[in-house]
Structures are given as C-alpha cells and as structure tokens.
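What follows is one structure encoded as structure tokens, with my remarks underneath.
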Amino acid sequence: MQAVSKAIAFVRFVEDAILALLLSSMISVAAIQVLLRNLFDSGLYWGDSLVRVMVLWVAMIGAMVASRDDSHIRIDIVGRFLSDRYKPIVSRVTHLFTMLVLAMFAWASFEFVQYEFEEGALAFGQIPAWVCEAIMPLGALVMAARYALHVIKPP
C-alpha cells in the first residue's frame, strides 16, 4: 500500500512540475514576443503558435490536476439543498456523468488527432500538429479514469 501512495505522490509531483514549467515558459515566450515587437519591431515567427499550443497544454494539464481531488469549478445549486443522506448518491451520479462526457471527449479528440496524423499537418516549423494536440485525448483519458475512481470512492 505504501508503494501505491509513493507512486501517486510521484505522479502528483510530475503533473505539478510540468504545469509549472509550461506556464512559466508560456509567459516567458509571450513576454519575449511583446518585447521584441515593441522594442525591435520583430519577433519569433513561431512564437504565437507556440504560445497557443502551450495554452492548450496548460489548460488540459491544469484540468488533470483539478480532477485529482475533484476541485473543478462547479455550479452546484442542488447539492446545497440536499440532505447529507443524499449527497453521496448525487455526487456519484455527477462523477459518473462527468466520466462519460470525458470518455466521449477522449474518443472524439483521439479521432481528431489521428486524422491530423494521417493528414500530416504541421503546427509550426517542422512540428506535426498531432504532437501538439495529443494532450487532448491523453488528458481526457486521465480525467475520465480519475472520475471513474471518484465514482467508486469519492474524494
């Protein structure tokens, strides 16, 4: 059991580190673009595309991090008025619905990424678009798995 706890802690650390690295890199590239444009009337020709890809990655990894403890933003009017007896049931149903939506998103985004792979589209420079978009099915799959676990054992 201790090995599982260590593995979970390691995964949390890796997710947090990747998120922090991506966010700081994204802010740095965007700031460099602004400085280069305003001071030198130039810029990195691939900078804006890279920032757009980083926004996607930060959003998906941030959502993965939020799904760890079910800390996504939510509108929960019904839960406020339910008795403590029914809250666990409604929570499990909500987690099941979330898992199903994420599974459908994972499937659809996988098909999209597969199409981009077959098409051979480029995101910027020589970087294939599918590499940049691969975070969508991966992130959705991780979140769907986490919400499946939340159905079994709510956080």
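Filtering segment 65-87 down to residues that are of a type in the set (D, E, K, R) and under 29 Å from Ser109 (Cβ atoms), which residue is surrounded by the most Cβ atoms within 10 Å (Cβ to Cβ)?
Ranking the qualifying residues of segment 65-87, first place goes to Arg68.
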With Ala129, Ala123, Ala103 as the choices, which residue is buried (at least 17 other Cβ atoms within 10 Å of the Cβ) and in contact with a strand residue (DSSP E or B) (Cβ under 6 Å, 6 or more places away or on another chain)? Ala129
Of all residues in segment 119-144, how many are assigned to a helix (DSSP H, G or I), more than 18 Å from His72 (Cα to Cα), among the small types (Gly, Ala, Ser) and touching a residue at least 40 places away in the same chain (Cβ under 8 Å)? 0
Test: Asp69 is under 15 Å from the mean Cα position of the chain (by Cα), touching a residue at least 24 places away in the same chain (Cβ under 8 Å) and farther than 22 Å from Pro137 by Cβ: yes
Taking only pairs six or more apart or across chains, which ones have beta-carbon atoms under 8 Å, a first residue in segment 1-27 that is among the polar types (S, T, N, Q), and a second residue that is surrounded by 13 or more Cβ atoms within 10 Å (Cβ to Cβ) and assigned to a helix (DSSP H, G or I)? Ser25/Met54
Identify, please: which residue in segment 22-51 is under 22 Å from Trp130 (Cβ atoms), in a helix (DSSP H, G or I) and not acidic (Asp, Glu) and is, among those, nearest to the chain's Cα centre (by Cα)? Leu22
Take segment 6-47 and flag every residue that is of a type in the set (D, E, K, R) and surrounded by 14 or more Cβ atoms within 10 Å (Cβ to Cβ). Glu15
Just to be sure before I move on: is Glu111 of a type outside the set (A, V, I, L, M, F, W, C), modelled with pLDDT of 95 or more and buried (at least 17 other Cβ atoms within 10 Å of the Cβ) in the structure I sent? no
Can you tell me which residue within segment 48-64, out of those that are β-branched (Val, Ile, Thr) and without any contact (Cβ under 8 Å) to a residue 60 or more places away in the chain, is surrounded by the fewest Cβ atoms within 10 Å (Cβ to Cβ)? Val55
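The values are calculated or read from the model by the stated rules, or taken from the named source; none is laboratory data. Bear in mind the structure is a predicted one, so any value in this text is a computation, not a measurement. Cβ sites come from the backbone with ideal geometry, for glycine too, and all protein chains shown count toward neighbours.
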